[in-house]
Amino acid sequence: MPSDKITTDVTAAASGTWKLADLEVNRIGFGAMRLPQTGPALVHDAVPRDRDQAAAVLRRAVELGVNHIDTASYYFSPLRSANELIRTALGPYPDDLVIATKVGPTRDPSGRWAEHARTAEALRGQVEENLRQLGRDHLDLVNLRVLGTESLADRFGALAELRDAGLVRHLGVSNVTPEQLAEARTIAPVVCVQNPYGIGLRPDQDAFVRSCGEQGIAYVPFFSIAAAAREAGAGAAEDAQLSAVARAHGASPAQVRLAWTLSRGPHVLAIPGTGDPEHLAANVAAGALRLTEEDLATLERLHQAPPAA
C-alpha cells in the first residue's frame with residue numbers, strides 16, 4: 001500500500017522542471033481556458049465567472065509556484081477575457097512567468113466560432129491582439145493551432161517571421177501530426193507540441209509523445225483530466241480501478257490523471273485549468289504524487305482499453 005499521502009500545501013516545484021528552449025518552467029502549469037466562465041468552456045452564451053474569484057485563482061497559482069500559463073485571445077465569455085484577467089491579476093508580471101498563447105482559431109465578438117486564421121495578415125493580427133490584451137511587447141511562446149492534416153508551412157512561416165521581428169520569442173504547434181511537426185521544424189525551431197492526451201484519450205499518440213522527448217520538445221497535453229469530455233470538463237463517473245489507485249494514495253482521480261500524465265516523460269508538462277481555488281491547489285499538489293509500478297500497469301491497461309460501446 002503506497003504511503004505517500006499527498007497534501008495541498010506543496011508547490012509546483014514538486015513536479016520538476018523542463019526548459020522551453022531558454023525558459024525554465026515547473027512541469028505543472030495552469031490552463032486559462034476555463035477561467036472566464038463557469039460551466040462548459042468556449043461556448044458563446046457562457047456564464048461569466050466572478051472577476052475577483054478568477055483573479056484570486058491566478059494570484060494563488062503564482063504563489064503556489066506555477067510559472068507557465070497557457071492562454072489565448074479566443075478564451076473569453078461575455079464580459080470576461082482570460083488574457084485581460086491575467087493582465088489585471090498578475091501585472092507587472094514576475095520575471096520567471098512564461099505565458100504561452102495560441103493562434104489560428106477565431107471567434108466573433110458574440111463568441112461563435114468563425115473561420116480559422118490562415119493568412120499571414122490574420123495571424124499577425126491575432127499575435128498583436130494577444131500582445132494588447134496581455135500588455136506585453138513580445139509573447140514568450142506562440143502555438144499554431146492546426147485543423148486537419150494539411151500543410152502548415154505558410155502559416156508557421158508567417159509566425160517565424162514574427163519571431164525574427166522580435167514579437168514572439170518561441171514557437172510551438174498544436175493539434176498536429178508527427179509529419180506536421182517535422183514540417184514545422186524545417187522552418188523554425190519548435191519548443192512544444194500541444195495535443196489532446198490523457199488516460200484513455202488518444203493512446204495512438206504514445207509513440208509521438210516519446211518521439212517529442214527524443215527530439216527535446218515538450219509535449220503539453222490538453223484535456224488530460226477531462227479526457228473524452230473535452231471542453232465540458234470532468235464529471236463522468238470514474239473507472240473503479242482508477243478510483244482505487246486514487247484512494248490508495250489519498251488522492252482524487254483527477255490528481256491521478258495528472259500524475260499519470262507527468263509520468264509519461266520528463267518532457268511532458270501539464271496545464272490543468274480551473275476557476276476554483278481548492279481545485280487549483282489539488283492540481284498543483286498532483287505534481288508530488290508518485291505512482292507505483294503496479295499503479296502504472298493498472299492505468300496503462302485503462303489507457304489502452306478500447307472505448308466503451
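If you take the residues of segment 245-284 that are in a helix (DSSP H, G or I), of a type in the set (G, A, S) and in contact (Cβ under 8 Å) with a residue 24 or more places away in the chain, which of them is farthest from I199 (Cα to Cα)?
Of segment 245-284, the ones in a helix (DSSP H, G or I) are 245-249, 253-263, 277-284.
Filter once more, keeping what is of a type in the set (G, A, S): 246, 248, 254, 259, 263, 281-282.
Filter once more, so that each one left must be in contact (Cβ under 8 Å) with a residue 24 or more places away in the chain: 248, 254, 259, 263, 281-282.
Working: A248: 18, A254: 11, A259: 11, S263: 11, A281: 21, A282: 18 Å.
Among residues in segment 245-284 that are in a helix (DSSP H, G or I), of a type in the set (G, A, S) and in contact (Cβ under 8 Å) with a residue 24 or more places away in the chain, the one farthest from I199 (Cα to Cα) is A281.
Report yes if some residue within segment 142-149 is in contact with a helix residue (DSSP H, G or I) (Cβ under 8 Å, 6 or more places away or on another chain), at pLDDT 95 or above, under 27 Å from A56 (Cα atoms) and among the hydrophobic types (A, V, I, L, M, F, W, C); otherwise report no.
Scanning segment 142-149 turns up at least one residue that is in contact with a helix residue (DSSP H, G or I) (Cβ under 8 Å, 6 or more places away or on another chain), at pLDDT 95 or above, under 27 Å from A56 (Cα atoms) and among the hydrophobic types (A, V, I, L, M, F, W, C).
In segment 285-304, which residues are assigned to a loop (DSSP other than H, G, I, E, B) and either surrounded by 17 or more Cβ atoms within 10 Å (Cβ to Cβ) or in contact with a helix residue (DSSP H, G or I) (Cβ under 6 Å, 6 or more places away or on another chain) (or both)?
L289, L291
In the list R169, R210, which residue meets the criterion of being under 19 Å from L97 (Cα atoms) and among the charged types (D, E, K, R)?
None of the other options fit; the residue is R169.
Conditions: (1) outside any helix (DSSP H, G or I); (2) surrounded by fewer than 21 Cβ atoms within 10 Å (Cβ to Cβ). L171 meets all but one. Number of the miss?
Failed condition: (2).
Does any residue of segment 65-80 turn out to be at pLDDT 95 or above, touching a Ser or Thr at 6+ places or on another chain (Cβ under 7 Å), surrounded by fewer than 22 Cβ atoms within 10 Å (Cβ to Cβ) and closer than 15 Å to L280 by Cβ?
yes
For R155, work out the one condition from (1) crowded, with 23+ Cβ neighbours inside 10 Å; (2) within 22 Å of L262 (Cβ to Cβ); (3) not aliphatic (A, V, I, L, M) it doesn't fulfil.
(2)
Condition first: in a helix (DSSP H, G or I), buried (at least 17 other Cβ atoms within 10 Å of the Cβ) and of a type in the set (S, T, N, Q). Can you find one or more residues in segment 44-56 that meet it?
No - not one qualifying residue is present in segment 44-56.
Going through segment 101-127 one residue at a time, which ones are touching a residue at least 24 places away in the same chain (Cβ under 8 Å), part of a helix (DSSP H, G or I) and out of contact with any strand residue (DSSP E or B) (no Cβ under 8 Å at 6 or more places or on another chain)?
Within segment 101-127, A120, R124 meet the criteria.
Filter segment 89-102 for residues that are crowded, with 20+ Cβ neighbours inside 10 Å and either of a type in the set (G, A, S) or out of contact with any Gly (no Cβ under 9 Å at 6 or more places or on another chain) (or both); which is nearest to D52 (Cα to Cα)?
Here the residue is I99.
Filter segment 57-72 for residues that are closer than 21 Å to R132 by Cβ and in a loop (DSSP other than H, G, I, E, B) and give the result.
Passing the criteria: T71, A72.
Being surrounded by fewer than 24 Cβ atoms within 10 Å (Cβ to Cβ) and under 18 Å from V268 (Cβ atoms) narrows it down to one residue among G31, G16, G39; which is it?
Unique residue meeting the criteria: G16.
The values are calculated or read from the model by the stated rules, or taken from the named source; none is laboratory data. Only a predicted model underlies this, so the values are computations on that prediction, with no experimental measurement involved. Ideal geometry is used to build each Cβ from the backbone, glycine not excepted, and the neighbour counts take in all protein chains shown.
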